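Worksheet: the structure to be examined is printed underneath.
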Amino acid sequence: MDLPEFIKKIELFRQSHHNFVESNTPEHLNPLLTYEQLATTLEELQVAQEELWQQNEELQITQALINQERQRYQELFEFAPDSYIVTDTNGLIQEANQAAIALFQVSKVFLLYKPLAVFVAEAERAAFRRKLLLLQQSPQQEWEIQLQPQHGLTIDVAAIVAIVRDSQDQPTALRWLLRDITARKQAEREILRLNAELMQRSLFETALKRIRNKVRESLDESQILQTVVHELVLALGLRSCDTAMYDLEAATSIIRYQHTAPGIPVSSVTGQVVPMSDFSKGYSQLRQAQTFQFCELTPDPIRSQVAILACPIADHAGVIGDLWCFMPRERSLGEAEIQLVQQVANQCAIAIRQARLYQTAQVQVEELAQLNHLKDDFLSTVSHELRTPLSNIRMASQMLMIARTAEQRAKYLKILQTECDREINLINDLLDLQRLENSLYSNFVPETLDLLAWLPNLIAPLQLKAQAHRQNLQFDLPASLPILIIDHSSLERLLTELLHNAHKYTPADRDIVLQVRATEARIAFVVRNQAEIPAQQLPRIFEKFYRIPHADPWKQGGTGLGLSLVKRLIEQLQGTLEVESGDGWTTFMVQFPTYPSYQQ
């Protein structure tokens, strides 16, 4: 008999007893009936009591079993290896086991009755709250959450959420199973990072190969630099990139080329000369072949918003320039990107060296071709100059053999002497020039020289020669001059060559002037003649064997050694030589120290 049935019997007994009392008044009392009813009722009560005791014992046993199972399940909940929490439908934490407390790294008192959202990483809270609102539409949900413990690093967890419903199928609570998957997520992120890095390196290797092929195919330095800055902007997604070449002697950096990404407002700096002193610390690092990143502190509204990577263009021979990469201020280049820039800079340095070597080789080829032409011209000229006196000597010797009069013999002997002197002078010029070029000329004998007495004797034969060609040789000598210490023969030779050169290229009825000017420390000899040297020919007049084409009105010829010999003699005598030509005049000015150091 269960409890409701026992209560029902008690209620029937109470009703029967009431009826019995009401119906058994003294005037209607039936003792026999009363006894029987009372005995029956007592018997039923005794039976009911026994059944109640039995069921009470069963209830106590059941309650003990229930308490035992509750304790066991509570222990399973508390000490389960996975983290379990129970929240209400709004995410307010109601229960949490030991694993959950360890996961959240807080005490149980602090954890309970707190919204679960406060332990979610801030970046994911909004998404977490949206998912929490949608939970009632599905009996079970599973997703990944990033938790942010109060005093720890971010934890990645996999959450399985089950909904607890009441008898009316209304949600009353949420059960959460949380598994720490931080190690797995870190491994996944590391794999993604490695894959991204491998992909990036692959792209960079492709870009480097493309750049290397382009720069190696070119021997034009300008094209190499343009290619490098353009390709770096494309490969790295830069705002802009520029490259500069160094002038280490002047301590300046000359920006050669700049490339800017489309739509980026960057002012052009191409052609700008940057003194290295303006950024001494940075250029000091670059000149030591060091790469570095920095943010520029400048009032410029554009350049102040960028981060910069400065990379030197260098090889084994040293630093020749640099590359500057500009990117948004909040961005910096990673290790792989910096390596790409450095490798591109290395390829650029190699290509530039090759281009410069090629250009140098081309110049040398042109110079060799010019020298070969000069050599051929020189051999032809020397051959002619040497053969002409010999031919004249041969003719004069033949005529001397058949001469019949003393006057004829004297004439041919004079020709022989003149041509022999001419031949000897030509050979001496060649030998002297060779010795001067090799610094083997050691016949200088410095002596004091009185120019006022010496110069007229030098000029006299030259004046006769000028008169023969209707030229006016003027001599401008001051009244007094200091004593000059110099090698007489060398001075005589170089002045004679200058005057002979003026005589050779001055037309008839024109002037040749020799002026002497002096200070306490120096004496200047100025030779001027009315003939102009073309501007493009002027730098070459001191080259060996070079003769100005179509400039010899007297057709005297020559070897082209005179002015080369003059220049070498002046250098040996510690003098200086200046030449200018214009307005129908050509002027040579030679200056010597009054007391040269070689006299000691």
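The values are calculated or read from the model by the stated rules, or taken from the named source; none is laboratory data. Everything quoted here is computed from the prediction, not taken from an experiment. Neighbour counts are summed over all protein chains in view; Cβ atoms, including those assigned to glycine, are modelled from backbone coordinates with ideal geometry. Keep in mind that these areas ignore ligands, DNA and RNA; they rest on the heavy atoms of the full protein, side chains included. Shrake-Rupley method; radii C 1.70, N 1.55, O 1.52, S 1.80 Å.
For the reader, a short list of remarks on this structure follows.
- Long-range amide H partners of Ile512 with built H, under 5 Å: Asn472, Leu473, Gln474
- Placing a label point 7 Å from the Cα of Thr594 along the Cα-to-Cβ line, the residues of region 513-531 whose backbone N sits under 20 Å from it are 515-526.
- Here the accessible area of region 193-258 is 51 percent carbon and sulfur, with a 1.4 angstrom probe and all protein chains present.
- Values of log10 I(q)/I(0), in the order q = 0.24, 0.26, 0.30 Å⁻¹, for region 81-120 under a Debye, Cα-only, solvent-free model: -0.71, -0.84, -1.09
- The heavy atoms of Cys420 offer some 50 square angstrom of accessible surface to a 1.4 angstrom probe.
- Among the listed pairs Lys414/Lys567; Lys131/Lys185; Lys465/Lys567; Lys375/Lys414; Lys375/Lys504; Lys185/Lys214, those beyond 31 Å (Cα-Cα): Lys414/Lys567; Lys375/Lys414; Lys185/Lys214
- Computed over protein heavy atoms with a 1.4 angstrom probe, the accessible surface ordering of Glu419, Glu188, Glu122, Glu532, largest first, is Glu122, Glu532, Glu188, Glu419.
- Within the accessible area of region 103-184, the carbon and sulfur atoms contribute 53%, probe 1.4 Å, all protein chains present.
- If R0 is 41 Å, the Cβ-Cβ spacing of Ala336 and Asn372 corresponds to a FRET efficiency of close to 0.20.
- Volume per residue of the C-alpha convex hull in region 236-357, rounded to whole Å³: 112 Å³
- Table column - 3J(HN,Hα) (Hz), region 50-64, Karplus curve with 6.51, -1.76, 1.60, x for Gly and Pro: 5, 5, 5, 4, 4, 5, 5, 4, 4, 5, 5, 4, 4, 5, 5
- HN-Hα J in Hz across region 347-353 - Karplus 6.51, -1.76, 1.60, θ = phi - 60°, x for Gly and Pro: 4, 4, 4, 4, 5, 5, 4
- You can think of it this way: the chain between His488 and Thr405 has 25.7 nm of extra reach, that is 0.36 nm per residue less the Cα-Cα gap.
- Once the Cβ-Cβ distance of Arg129 and Leu194 is raised to the sixth power relative to R0 = 35 Å, the FRET efficiency obtained is 0.55.
- Linear extension gain, Leu65 paired with Leu203, 0.36 nm per residue minus alpha-carbon span: 42.7 nm
- Applying 0.36 nm per residue to the separation of Ala162 and Val118 and subtracting their alpha-carbon distance, the gain on full extension is 13.8 nm.
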